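Here's a structure for you.
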Amino acid sequence: MATTSSKNMKGFYRQKKTTGGITKKATNTKSPKNAAALSSNLTAFISHASPELKDDFDGKESVLRQFDMNMAYGPCLGMSRQARWERANRLGLNPPKEIEVMLNGGKVQAGCLWDGRI
Amino acid sequence: MEIDGEKTILERKQSTYLSLDEKFEIRKETYGGQQYSQIYFTRLHLMRTLLYSLVPNLKPHLPVCKILGLEKGKECIIVGTLYKHMKLKPSILDEYSKTRSVTPLVKPHNFMHLDDHLILEDESGRVKLGGTMLLPSSYITGIVVALHGMETEAGDFFVQDVLDAGLAPQIEFPLESREDKYVVLVSGLSVGSSASNPLQFQLLVDHITGHLGDEKEQAIAAQIVHVIIAGSSVEIPRGLLNGQNLASKDQSRLSEPIKELDIMLTQIAASVPLDIMPGPNDPANYSLPQQPLNRCLFPGSAAYNTFRSCTNPHCFELDNIRFLGTSGQNIDDLQKYSEAKDKLEFMERTLRWRNLGPTAPNTLGCYPFIDRDPFLIDSCPHVYFAGNQDKYETSLLKGTEGQLVRLICIPKFSKTGVAVAFNMRNLECHTLSFGTQFDL
């Protein structure tokens, strides 16, 4: 977990229910994961988190987080976003070129959104 | 052959060598905290692309869908990674859940159980497999297959047919080789162990280098063009390693087996090209692909350019004949988690599944690669060998597209005194057995 200097433990764990809410599907032997709904709830959750955990969140980062969460390109943990984009490219998965442009130019986080938190 | 008075000089035959070990070498990989999910993703993606191209030829009228897209009663084809749920498979978590005093006295060699069942998984979900087509005892976790069947009312997937990738395409076997050229494969030398007999190893070395026998015998030895040592060449006395600093006399005792091996390898390397692969007991890294044994360990033999320290698995071409093999860890691991009538059947399965070590990284130690699975077999070899097996076995495997593979199980030399000689002209092989007992 990211280190925080907060003395207020309540503030550390404060969670607010988002408007979307994470819905639980009825369990059957298949366990479906709905990537799109999960990631949008995720980004909403992070924006409501305590100030120590909040980072600069602009449109670019939001797009990059969607890229991180997209299952088609494989797991994102333990890889830099650049490496993951290159791997997706090499495997013929046609990742969007805008992601590469964003990663090459500008100040964006090189690791995936879980980097340093897990 | 020149005739010089009464002496005849025999020249050893030669062959061209090409090493194909780049994908097994770990040079530029850096560990970035990744887990094994990356290698599973790569394996699933590459194999699924392959299976999607093969499926229309075999089952043209069936739709292909993801596991999440399954509908009850609709016949379709799904592709995913198999997971075998095994009751007896040892889990590290058992150490925490059970009381410490209960320790199993006997460790089972095979972890199979009648209750084992198979599950197919892809990135969208997983589904339990039912039906009698798929016998859990023949399958293991980690292979990618295409299944034809339908979802039942209970939510299981009833399997009607299994499609594995089959043997990979093979490069053409060179037909112009008209002369007999032999490759000697040996493994399990275990120099330094109590089981190994130095005289037996010396006899093998003398035979290969042509110091044994009359002219006829030497002429046979002159046809040996290459020697492969497939793992477990030394046995380091592990009793000395008890966590404390080693006394200097213990230090020299620790390195004696390697020195003895180096002396023997120098004799071989001086006369014939030699490849040495690391094995389960050698001073190399534990997880596959094992990296080449360090050349510093062999000061005598490394001076020769005929000496090559190779990875495990090892892939190379001699005169355009492709060899692929391991020191046996992949086949031994398959034996722990599945069953077959003999080791050759395990080897055949790995070729049909197009994966050298399908149980990696589940039960076979493996480096967490990010962007490739080095165990995927892209091109079917002509010779496929596994070292450190209990006995010598061999068979010729024929594929559906004319592929021909010689499967060889190389026995442990320290136990059996048997090495294997393979003829590159006609894919035949026979044993070289060395005995030192006199039965009077």
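Just tell me how shielded A:87-96 is by partners: mean number of partner chain Cβ atoms within 10 Å of each residue's Cβ, no decimals.
That average works out to 2.
Could you tell me which of the pairs B:LYS84/B:LYS336; B:LYS72/B:LYS128; B:LYS13/B:LYS391 are separated by over 22 angstrom between their Cα atoms in the structure shown? Could you put the intermediate results ahead of the total?
On the way: B:LYS84/B:LYS336 13 Å; B:LYS72/B:LYS128 14 Å; B:LYS13/B:LYS391 29 Å.
Those over the limit are B:LYS13/B:LYS391.
Next question, about the same structure. Hey, in the GNM for chain B with a 10 angstrom Cα cutoff, which one of B:SER271, B:SER327, B:SER37 fluctuates hardest?
Greatest mean-square fluctuation among the candidates belongs to B:SER37.
Which of the aspartates and glutamates could a cross-linker bridge to B:LYS59, judged by Cα under 17 Å and excluding same-chain residues fewer than eight apart?
Cα-Cα hits under 17 Å: B:GLU75, B:ASP161, B:ASP164.
Restricting the count to DSSP beta bridges whose residues both fall in chain B, what percent are antiparallel, rounded to a multiple of 5?
Details: 50 of 79 bridges.
If we restrict to bridges inside chain B, about 65 percent are antiparallel.
Starting from the Cα gyration tensor of segment B:119-208, multiply each eigenvalue by 5, take the square root, and state the resulting semi-axes largest first in whole Å. Let's see the in-between values first.
Details: eigenvalues 463, 106, 22 Å².
For segment B:119-208, the semi-axes come out at 48, 23, 10 Å.
I've got another one for you. So how tilted is helix B:37-58 from the main axis of chain B? Cα-based, degrees 0 to 90, rounded to 10.
In chain B, helix B:37-58 runs at an angle near 80 degrees to the longest axis.
What does the highest-first list of B:411-420, A:71-80, B:232-241 look like by mean Cβ count within 10 Å?
Result, highest mean Cβ count within 10 Å first: B:411-420, A:71-80, B:232-241.
What is the interface area between chains B and A, defined as buried accessible area summed over both chains with a 1.4 Å probe, reported in Å² to the nearest 100? Don't skip to the answer; put the middle values down first.
Numbers: alone 21980 and 8550 Å², together 28900 Å².
In total, chains B and A hide about 1600 Å² from solvent.
OK, next. For the pair B:LYS415 and B:GLU176, how long in nm is the line joining their label points, each one 7 Å along Cα→Cβ?
4.4
Right, here's the next one. Counting pairs of alpha carbon atoms under 8 Å apart in space and at least six apart in sequence, what relative contact order in percent does chain B give? Walk me through the numbers before you get to the answer.
Details: 903 pairs, mean separation 86.7, N = 440.
Worked out over chain B, it gives 20 percent.
Something else: Amide H of B:VAL191 versus every other amide H placed in the peptide plane: which residues, excluding those fewer than 5 positions away on the same chain, fall under 5 Å?
Hits under the 5 Å cutoff: B:VAL234, B:GLU235.
What angle do you read, to the nearest 10 degrees and between 0 and 90, between the alpha-carbon axis of helix B:198-209 and the longest principal axis of chain B?
Orientation of helix B:198-209: about 80 degrees from the principal axis.
To continue, here is another question. Where Rh denotes the Kirkwood radius from the mean inverse Cα pair distance, what is Rg over Rh for segment B:227-378? Display every interim value, and only then the final one.
On the way: Rg = 17.3 Å, Rh = 17.1 Å.
Rg/Rh: 1.01.
Continuing with the same structure: Counting only protein chains, not ligands or nucleic acids, how are B:ARG322, A:ARG90, B:ARG48, A:ARG117 ordered by accessible area (probe 1.4 Å), most first? Don't skip to the answer; put the middle values down first.
Numbers: B:ARG322 45, A:ARG90 145, B:ARG48 25, A:ARG117 70 Å².
The ranking, largest first, comes out as A:ARG90, A:ARG117, B:ARG322, B:ARG48.
What accessible surface, in Å², does a 1.4 Å probe find on B:ILE331, ignoring ligands, DNA and RNA and rounding to the nearest 10?
For B:ILE331, the solvent-accessible surface is approximately 0 Å².
Can you give the accessible area per residue of the protein assembly as shown, in Å², using a 1.4 Å probe? It would help to have the intermediate numbers written out before the result.
On the way: 28900 Å² over 558 residues.
Result: 52 Å² of accessible area for each residue.
Along its three principal axes, how long is chain B when you only count alpha carbons? Whole Å, largest extent first please.
That works out to 86, 60, 51 Å along the principal axes.
Given a 10 angstrom Cα cut-off, can you work out which residue in B:THR359, B:THR42, B:THR394 is the most mobile in a GNM of chain B?
Maximum among the listed residues: B:THR42.
Could you check how much of the accessible area of the protein assembly as shown is carbon and sulfur, as a whole percent, using a 1.4 Å probe? Intermediate values should be presented prior to the final figure.
Details: 15610 of 28900 Å².
About 54 percent, which is the carbon plus sulfur part of the accessible surface.
Then there's this: Please find, in a Gaussian network model of chain B (springs between Cα atoms separated by less than 10 Å), the residue of B:SER338, B:SER97, B:SER255 whose mean-square fluctuation is greatest.
B:SER97
If I take R0 = 35 Å and measure r between the Cβ atoms of B:LEU404 and A:ASN94 in this structure, what FRET efficiency does the formula 1/(1 + (r/R0)^6) give, to the nearest 0.05?
Values: r = 38 Å, r/R0 = 1.09.
The formula returns an efficiency of 0.35 here.
With all protein chains present, calculate the accessible area of B:THR400 using a 1.4 Å probe and round the result to the nearest 10 Å².
For B:THR400, the solvent-accessible surface is approximately 140 Å².
Helix-only mean residue ellipticity at 222 nm, chain B, DSSP H runs n ≥ 4 weighted -39,500 (n - 2.57), per residue, nearest 500. What is it? Working shown, then result.
Numbers: 8 runs with 90 residues, N = 440.
After summing the helix terms and dividing by the residues of chain B, the value is -6000 deg cm²/dmol.
Can you work out ³J(HN,Hα) from phi for every residue in segment B:167-172, in order, using Karplus 6.51 cos²θ - 1.76 cosθ + 1.60 and θ = phi - 60°, giving whole Hz and x for Gly and Pro?
5, 6, x, 10, 6, 4
OK, next. Taking beta carbons within 10 Å but only from partner chains, what does the mean come to for residues B:350-360?
Values: counts 0, 0, 0, 0, 0, 0, 0, 0, 0, 0, 0.
Whole-number average of other-chain Cβ neighbours for B:350-360 is 0.
Between A:ILE118 and B:ARG295, what is the spin-label point distance in nm, taking each point 7 Å from the Cα along the Cα→C-beta axis?
4.2
Between the chain alone and the structure with every protein chain in place, find the residues of segment B:26-55 that drop at least 50 Å² of accessible area; heavy atoms, 1.4 Å probe.
Residues passing the criterion (a loss of at least 50 Å², heavy atoms only) are B:GLN38, B:PHE41, B:HIS45.
Okay, next question. Provide the three semi-axes, in whole Å and in decreasing order, of the ellipsoid equivalent to the protein assembly as shown as defined by the square roots of 5 times the Cα gyration tensor eigenvalues. Before the final figure, lay out the partial values.
Working: eigenvalues 493, 164, 117 Å².
The answer is 50, 29, 24 Å, longest axis first.
Using a 1.4 Å probe on the protein heavy atoms only, what accessible surface does B:TYR40 show? Give it in Å² to the nearest 10.
60
Restricting to bridges with both residues inside segment B:258-411, how much of the DSSP beta-bridge set is antiparallel, in percent to the nearest 5?
Details: 13 of 26 bridges.
Around 50 percent antiparallel, to the nearest 5.
The values are calculated or read from the model by the stated rules, or taken from the named source; none is laboratory data. Note that the structure is predicted; figures quoted are calculated from it, not measured. Note that we place each Cβ from the backbone using ideal geometry, even for glycine, and neighbour counts take in every protein chain shown. With ligands, DNA and RNA removed, areas are computed over all heavy atoms of the protein, side chains included. Shrake-Rupley method; radii C 1.70, N 1.55, O 1.52, S 1.80 Å.
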